[in-house]
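Let me begin by presenting the structure, written as structure tokens, before commenting on it.
The values are calculated or read from the model by the stated rules, or taken from the named source; none is laboratory data. Treat the numbers as computed from the prediction; the structure is a model and nothing was measured. Virtual Cβ from ideal backbone geometry, glycine too; neighbours counted across all protein chains shown.
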Amino acid sequence: MTSDNAEEIGPMDENEIRGLTVIFTGDGKGKTSAALGGALRCMGHGYRVKVIQFIKGEIKTGELRLAERLKPDLDITQAGRGFTWLDDHSGEEHKKAADDGYEMALEALESDEYKTVVLDEIFYALQAGLVTEEQISALIDRKPPETHLVLTGRSAPESIIVKADLVTSMQDVKHPSRQGIPAQKGMDY
């Protein structure tokens, strides 16, 4: 296969193209980065992408700054109120934000506006009791056949993994935080 012939890269028959359910999980870094890489690839083909971040909130991340420049092709909403273990917001505020994020996810999937919908850190929201496995399963079931749905976060449950087309588990081999290096702008946020 030569890289000059795009026809050989993958299925070009529109009947063979379908939306995938993709999970990036595990204890290693890179789940959001992988999801955003897929989003950029999708946008490179002229499609629009919706990203809903279930935990990140009130942090002006690099991807949020980029989305401002790439609108309307890249639409990122920080539905979360930040890290649930901090005392910045009540449990009720976190739950309300997750409920709003869930409704946004349903709307994005049903809108036919987006080729890819990314639900960033939804599995952390699940662990925190902000969404349920049943809700996540329902999102997968309601995904249109031509739309890609990407879910990220640690500890994806087996009941959701079996419904996915692609699952990648990020493994933590070495992390700068164990060397006393804090999160770095442009790499970690």
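Report the residue count in segment 143-168 for those that are surrounded by 17 or more Cβ atoms within 10 Å (Cβ to Cβ) and free of Cβ contacts under 8 Å to residues at least 12 places away in the same chain.
Number of matching residues: 0.
Report the residue count in segment 1-57 for those that are at pLDDT 95 or above and assigned to a helix (DSSP H, G or I).
14
Mind checking which residues of segment 115-135 are surrounded by 24 or more Cβ atoms within 10 Å (Cβ to Cβ) and in a helix (DSSP H, G or I)?
Correct list: 122, 123, 125.
Where the second residue is surrounded by 14 or more Cβ atoms within 10 Å (Cβ to Cβ) and acidic (Asp, Glu) and the first is touching a residue at least 60 places away in the same chain (Cβ under 8 Å) and under 14 Å from residue 79 (Cβ atoms) and lies in segment 121-142, which pairs have Cβ atoms under 9 Å and are six or more apart or on separate chains?
130/99; 131/99
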